[in-house]
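*Asks:* Below is one structure. I have some questions about it.
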Amino acid sequence: MTKLTITDHSRIFANYTYVYPVVSRRSQGISLGINLNINNACNWRCIYCQVEDLVRGKPTDIDLIKVEAELDSMLNSIINGDFVQKFAPKNLQRFNDICLSGNGEPTLSPHFSSVVDIIARLRLKYNLTDQVKTILISNGSEIDKPHIIEGIKLLAKNNGEIWFKVDSATEAGMTATNQVHLSVESVKNRLKLASSLCKTYIQTCMFKLQDKNPSEHEIEQYINFVVSVKSYVAGVLLYSTARNPALPEGSDISSVSEDFLAGIAKQLEKHQIVVKYYV
Ligand code: SF4
């Protein structure tokens, strides 16, 4: 097995089905992903999505016993074995997080809360400290469902963070980027709810479409949106597309520059908003 790299975010590791380790720029170390959408199904269709063979729909049933066995075995290798030294590049040899993120929206799975429960039990078993986060990367669409609220409450007790996707703060922008029809108000309400349950960051992907940066109008609306929610979110994570988008529309997409992200960060920081960005 070769070392993990920041450009390889394969969901397949050894003979595991659900659990996959990656090293990433954003985590500056190893992140242990759990993929609940092994059928590549999501309710959104973001044009920059990197999931191969993405389909619209819901995840199929998952084998919770296998999820627990895989996570247990991987944590054992990381905590008690030499996994980190063996597979992570020298400058990224640290264990950052367990992350619910996969080939589709994780909260679409009816087993979401049970998986958070498994994570909570294994965090205890391996005595994971607050150095290791439990992250949910979500488009936020299911966050107001009662069974998801229960899972998120448990996530919060396990050093949890939600990274809530907001790529645009206009209805036209969301339709174009995420291929869903949502009102800005409904996104704001779900973001507010998420933040009341667990530490929540806004996560935003900025990209060039046909070599053009997002329009000034889009950026202005985005900044206004973030400023309007700044009292309840923990901050903003800005990034651009690092790997090749998998959808046909993706061929028109390329990364914005680091300076472009820095410019947006600067505008937000004027409002005392914490921003991290990475291309
Ligand atoms: S929400 Fe995530 S998995 Fe779903 S289409 Fe968008 S980027 Fe892909």
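The values are calculated or read from the model by the stated rules, or taken from the named source; none is laboratory data. Here the structure is a predicted model, which is why all the values come from computation and not from measurement. Neighbour counts run over all protein chains shown; Cβ positions are idealised from the backbone, glycine included. What goes into the accessible areas is simple: the full protein's heavy atoms, side chains included, and nothing from ligands, DNA or RNA. Shrake-Rupley method; radii C 1.70, N 1.55, O 1.52, S 1.80 Å.
*Asks:* Out of the stretch 65-122, which residues are in contact with a strand residue (DSSP E or B) (Cβ under 6 Å, 6 or more places away or on another chain), in a helix (DSSP H, G or I) and of a type in the set (Asp, Glu)?
*Replies:* Glu70 - this is the single residue of the stretch 65-122 that is in contact with a strand residue (DSSP E or B) (Cβ under 6 Å, 6 or more places away or on another chain), in a helix (DSSP H, G or I) and of a type in the set (Asp, Glu).
*Asks:* For the stretch 170-188, name all the residues that are surrounded by fewer than 21 Cβ atoms within 10 Å (Cβ to Cβ), in a helix (DSSP H, G or I) and either touching a residue at least 12 places away in the same chain (Cβ under 8 Å) or of a type in the set (Ser, Thr, Tyr) (or both). So that I can check it myself, show each step before the final result.
*Replies:* Applying the first criterion (surrounded by fewer than 21 Cβ atoms within 10 Å (Cβ to Cβ)) to the stretch 170-188 yields 170-173, 175-176, 179-186, 188.
Those left that are additionally in a helix (DSSP H, G or I): 171-173, 175-176, 184-186, 188.
Selection gives Glu171, Gly173, Thr175, Ala176, Val184, Ser186, Lys188.
*Asks:* Please find, within the stretch 131-169, the residue that is surrounded by the fewest Cβ atoms within 10 Å (Cβ to Cβ) out of those that are of a type in the set (Asp, Glu) and farther than 19 Å from Leu71 by Cβ.
*Replies:* Pass one, the stretch 131-169, residues of a type in the set (Asp, Glu): 142, 144, 150, 161, 167.
Of the ones still in play, those that are also farther than 19 Å from Leu71 by Cβ are 142, 144, 150, 167.
Numbers: Glu142: 19, Asp144: 13, Glu150: 15, Asp167: 23.
Checked the stretch 131-169; the qualifying residue surrounded by the fewest Cβ atoms within 10 Å (Cβ to Cβ) is Asp144.
*Asks:* Output the number of residues of the stretch 256-279 satisfying the condition of being crowded, with 16+ Cβ neighbours inside 10 Å and at pLDDT 85 or above. Working first, answer last.
*Replies:* Restricting attention to the stretch 256-279, the residues satisfying the condition of being crowded, with 16+ Cβ neighbours inside 10 Å are 256, 260-261, 264-265, 267-268, 273, 275, 277, 279.
From what's left, at pLDDT 85 or above: 256, 260-261, 264-265, 267-268, 273, 275, 277.
Of the residues in that region, 10 qualify.
*Asks:* Considering only residues of the stretch 233-275 that are in a strand (DSSP E or B) and of a type in the set (Val, Ile, Thr), which is nearest to Ser196 (Cα to Cα)?
*Replies:* Residues of the stretch 233-275 in a strand (DSSP E or B): 235-239, 253-255, 275.
So of that shortlist, the ones also of a type in the set (Val, Ile, Thr) come out as 236, 253, 275.
Values: Val236: 16, Ile253: 34, Val275: 20 Å.
Among them, the one singled out is Val236.
*Asks:* If you don't mind, another one. Out of (1) open to solvent by 30 Å² or more (accessible area, probe 1.4 Å); (2) hydroxyl-bearing (Ser, Thr, Tyr); (3) outside any loop (DSSP other than H, G, I, E, B), what's the single condition that is false for Tyr16?
*Replies:* (3)
*Asks:* Let me ask another. Can you confirm whether the stretch 49-66 contains a residue that is under 14 Å from the mean Cα position of the chain (by Cα) and surrounded by 19 or more Cβ atoms within 10 Å (Cβ to Cβ)? Explain how you work it out, then say what you get.
*Replies:* Filtering the stretch 49-66 down to residues under 14 Å from the mean Cα position of the chain (by Cα) leaves 49-51.
Still in the list and also surrounded by 19 or more Cβ atoms within 10 Å (Cβ to Cβ): 49, 51.
Yes, some residue in the stretch 49-66 is under 14 Å from the mean Cα position of the chain (by Cα) and surrounded by 19 or more Cβ atoms within 10 Å (Cβ to Cβ).
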